[in-house]
Amino acid sequence: MTAETQDPTHDRGVPDWAWYAGVPVVGVVLYLLYGQLIPFSEWVTGLFPVARDSHTGQAIAFFFYDVPKVLLLLTGIVFVTGVLRSWFSPEKTRAILAGKRQIWGYPLAALLGVFTPFCSCSSVPLFIGFVSAGIPLGVTFSFLIAGPMVGPVGLGLLYGLVGWKIATIYLVFGFTIATVSGYVMGKMGLERYLQDWVREMNAGPVGDLLEERMTLVDRLKVGWEQVREILGKVWVWVLVGIGIGAAIHGYVPEAMMLKIMGGEAWWSVPAAVVVGVPMYTNAAGVIPIVEALLGKGAALGTTLAFMMSVIALSLPEMVILKQVLTYRLIAIFIAVVSLGILATGFLFNFLL
């Protein structure tokens, strides 16, 4: 960590009252900007000489909606977790979640994901905030998996499409995959595969000052330094990852997917996962494809495996996570979650 981050009182040029007034104002501005993302993306898309409903138009609109969304979320969430981290150092956080009590962290993190209406890339800011706060890696993975896979939007749409019984079974399986996958990865001791800067951030206390001597302004400064440090490292990869996702969103041919997954052969489930991983959309975006697949005769397990892989293992998400995780840890994450998705797909096909 830099000397600036280690000493939250280094910047005395800004008076305390400016911090007290400025932070709420910035929070309101970020909130208002978040509410204007759709009009902004439509306005920017209209500046290009392309039809809005064309492949290129869809890709452009998707890019200019998702990039500011993820950056705004990253800024707000990292700031809040940075401030909280000034009260709960990594050592204290790990101590709270250690031993027998840690076992409850996995289902609680998965439950938080269930109630978080984020797509995979939008869940990454919270994941980064959790990791930087010293929360055990396996617990954070439980959240990262559950957030997009079994979020409220997807469950609501799935309920309307296939009924409450299938939607409930999907919720149970998704929640179980998130909890068990996080637990398995937590027991594997994978912290050594975090990027060096993340390990350094968690290597010691927030600053040289004793926690009881820190004022609220000092804590706000810690949050701001966290934003500068983390956002400065990942913003380029947010652009790259979502750029890839936008291209896929606009140009992936649905006819090809229907041809691959339209049958009930044994290999249709792994094929669905392989096809789904490179894609990027949220639950609302994948539901129409799920409906088309079911209408073409695809088995339910195959279709749900595809849905899970699209929203829990997207390529753009992995690109952004590369700034926090090493390639080896990303590969382990994909392997563990893929096994859970494959098991769900085969079981659904067998039972239904």
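Some notes on this structure:
- R213-K165 pseudo-label distance in nm [points 7 Å out on the Cα-to-Cβ vector]: 6.6
- Here each label is just a point 7 Å from Cα along the line to Cβ, and for A331 and V29 those points are 4.4 nm apart.
- In this simple spin-label model, placing a label point 7 Å from the Cα along the Cα-to-Cβ direction at both V274 and W43 gives a separation of 4.5 nm.
- Under-5 Å amide H pairs with L325, H placed in peptide plane, nonlocal only: Q195
- Filter on K69/K322; K69/K165; K187/K221; K165/K322 - keep pairs with C-alpha separation over 27 Å: K69/K165; K187/K221; K165/K322
- Compared with the alpha-carbon gap, the fully stretched path from D196 to V172 is longer by 5.1 nm at 0.36 nm per residue.
All of the numbers you see were taken from the coordinates with simple rules; none came from a lab. Quick caveat, the model's predicted, so the values are computed rather than measured. Ideal geometry is used to build each Cβ from the backbone, glycine not excepted, and the neighbour counts take in all protein chains shown.
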